[in-house]
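Laboratory data are not the source of any read-out in this text; all were calculated from the coordinates shown. Computed from a predicted model, the values in this text were never measured in an experiment. Note that each Cβ is placed from the backbone with ideal geometry, even for glycine, and that neighbours are counted across all protein chains shown.
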């Protein structure tokens, strides 16, 4: 599976633009590697810092589900409380990870900027 295959799973132009921004944002940072991952019916973009699986983006028809995973949260730069204050529509999963439905480029930009700001603090 390739990243382009993940993009093809998205139906709307707005969500495709969001996906493109996420791929570009993490690919260009230099700190992360991005790769497509196929697992049954749940295909995802895996975003790793070294060997740690820190972020994910899961394509849907009309949005991309962004995940901030536990390895990234353990670093202590991003806290669920601060992140959900900055982006109130974000949710905390039962596993203690942060998710956000990202329907468009504007939301993707906000998500990426909030992550970058927390990492620089």
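Rg and Dmax over the alpha-carbon atoms of the stretch 3-120 stand at 13.0, 36 Å. Name the shape class, rounded, prolate or oblate, that the alpha-carbon gyration tensor gives for the stretch 1-55, where a ≥ b ≥ c are the square roots of its eigenvalues, rounded holds for a/c under 1.5, and otherwise prolate holds if a/b is larger than b/c and oblate otherwise. Oblate. Once the Cα atoms of helix 105-120 and of the chain are each reduced to a long axis, what angle between those two axes, in degrees from 0 to 90 to the nearest 10, is obtained? For helix 105-120, the angle is close to 40 degrees.
With respect to the chain, whose longest principal axis is taken over its alpha-carbon atoms, helix 13-27 is tilted by about 60°. Relative contact order for the chain: 26 percent, from Cα pairs under 8 Å spaced at least 6 residues apart, divided by residue count.
Please give the Cα centre distance for the stretch 68-121 versus the stretch 1-62, rounded to the nearest Å. The stretch 68-121 and the stretch 1-62 have Cα centres spaced 16 Å from each other.
Descending by average beta-carbon neighbour count within 10 Å, the peptides 72-80, 20-28 line up as 20-28, 72-80, the highest first. Applying 0.36 nm per residue to the separation of residue 75 and residue 12 and subtracting their alpha-carbon distance, the gain on full extension is 19.3 nm. Length gained on full extension, residue 27 to residue 82, computed as 0.36 nm times the residue gap minus the Cα-Cα distance: 17.3 nm.
Residue exposure proxy: 111, 63, ordered by other Cβ atoms within 10 angstrom of their Cβ from fewest to most, comes out as 63, 111.
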